[in-house]
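Structure, as structure tokens:
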Amino acid sequence: MRKKIVAGNWKMNCTLPEGKKLASEVINMVQDEVNNEVDVVLIPPFIHLTGIQNLIGSTKNIFLGAQNCHQNQSGAFTGEVSAAMLVSCGASHVILGHSERREYFGETDELLAEKVSFVLDNQLTPIFCCGEKLEVREAGDHEELVGTQVDKALFGLSEEQIKKVVIAYEPVWAIGTGKTASAEQAQEMHAFIRQQIAKKYSQQTADSISILYGGSVKPENAKEIFSQPDVDGGLIGGASLKSRDFTNIVKAFD
Ligand code: PEP
């Protein structure tokens, strides 16, 4: 059985008091209302990690994640944060390769390969993001592009390592735009990614890896998307900033 995961990427939003209020509401609602076995990951800005971890404590099925991480253990990298620092603040997950990191901070698949391997060595679970821009989809090259991203960033890992990775397929044209991929488009790409993993490693390994969908997931469309056989949950941006919406997305698995 693959893990079902709903992760909320707050991006660069929320002051600390706002973040604590949001996290407290989500923690209470998830505890009171969610009947399913879903791992919920709260992913605030770095500076709020400890404050949010204090609220999560040992709450069952709620985890803490970070939005990025440097590929070195420590040193003269002003403004960066290491995997060991994230772990010491209570984080268990880290997003790598979000399209905003690729677009605005020049992150390449080669760099991401280093980061993925490095965070795994530090016992963090990478949530590796991949996805095509609109022009690539319109040209019909989306599978080739996503296949290359996954190949370059992940396929240098051993079979034991890749089993610990979570993949998030996030078509760039659907992020923060209100346009969602159809459930069929999501399923098609998730099945393709799983097939690539099966070819490279084994069907058993491919079947064990959670693949999340991200891109304008809302309470209204979550059920349909999550009901697809190869969709194991969601990476949620905008809707993760509203406790009611985010909780209702988690409840879409009920
Ligand atoms: C994201 O940034 O990962 C994302 C999916 O954002 P949104 O849900 O706002 O489209």
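For the reader, a short list of remarks on this structure follows.
- Packing-based ranking of 9-15, 94-100 yields 94-100, 9-15, ordered from highest to lowest mean Cβ neighbour count within 10 Å.
- Estimated purely from DSSP H runs of n ≥ 4, each contributing -39500 (n - 2.57), the mean residue ellipticity at 222 nm for the chain is -13000 deg cm²/dmol once divided by its residues.
- Relative contact order %, the chain, counting alpha carbon pairs below 8 Å whose residues are six or more apart: 22 percent
- Amide proton proximity set for Ile95, modelled H, under 5 Å, gap of 5+: Ala66, Gln67, Asn68, Ile127
- Reciprocal of mean inverse Cα separation for the chain (Kirkwood radius, Å): 18.0 Å
- Two-decimal log10 I(q)/I(0) for the range 67-171, as the Debye equation yields it once each C-alpha is a single scatterer, q = 0.12, 0.21, 0.22 Å⁻¹: -0.40, -1.09, -1.18
- The solvent-accessible area of Cys130, taken with every protein chain present and a 1.4 Å probe, is close to 0 Å².
- Among the helices of the chain, none built from whole DSSP H runs has Cα atoms reaching 27 Å or more along its own axis together with a mean Kyte-Doolittle hydropathy of at least 0.0.
- The magnitude of the dipole of the chain, with charges of +1 and -1 set on the Cβ of Lys/Arg and Asp/Glu and taken from the Cα centre, is near 640 debye.
- Multiplying each eigenvalue of the alpha-carbon gyration tensor of the range 1-102 by 5 and taking the square root yields semi-axes of 24, 15, 13 Å, largest first, rounded to whole angstroms.
- Farthest toward the positive end of the dipole of the chain, out of Gln71, Asn35, Ile249, is the Cα of Asn35, where the dipole comes from beta carbon charges about the Cα centre.
- Across the accessible surface of the range 126-237, with the other protein chains kept in place and a 1.4 Å probe, carbon and sulfur atoms take up 49 percent.
- Translational diffusion coefficient of the range 1-52 (Stokes-Einstein, Kirkwood radius from Cα pairs, 25 °C, 0.890 mPa s): 206 µm²/s.
- Around the amide H of Gly234, modelled in the peptide plane, lie the amide H atoms of Ile5, Val6, Ala7, Tyr213, all under 5 Å away and 5 or more residues distant in sequence or on another chain.
The values are calculated or read from the model by the stated rules, or taken from the named source; none is laboratory data. Keep in mind that what you see is a predicted model, and the values were worked out from it rather than measured. FYI the Cβ positions are ideal-geometry reconstructions off the backbone, even for glycines, and counts take in every protein chain you see. Accessible surface areas use protein heavy atoms only, side chains included; no ligands, DNA or RNA. Shrake-Rupley method; radii C 1.70, N 1.55, O 1.52, S 1.80 Å.
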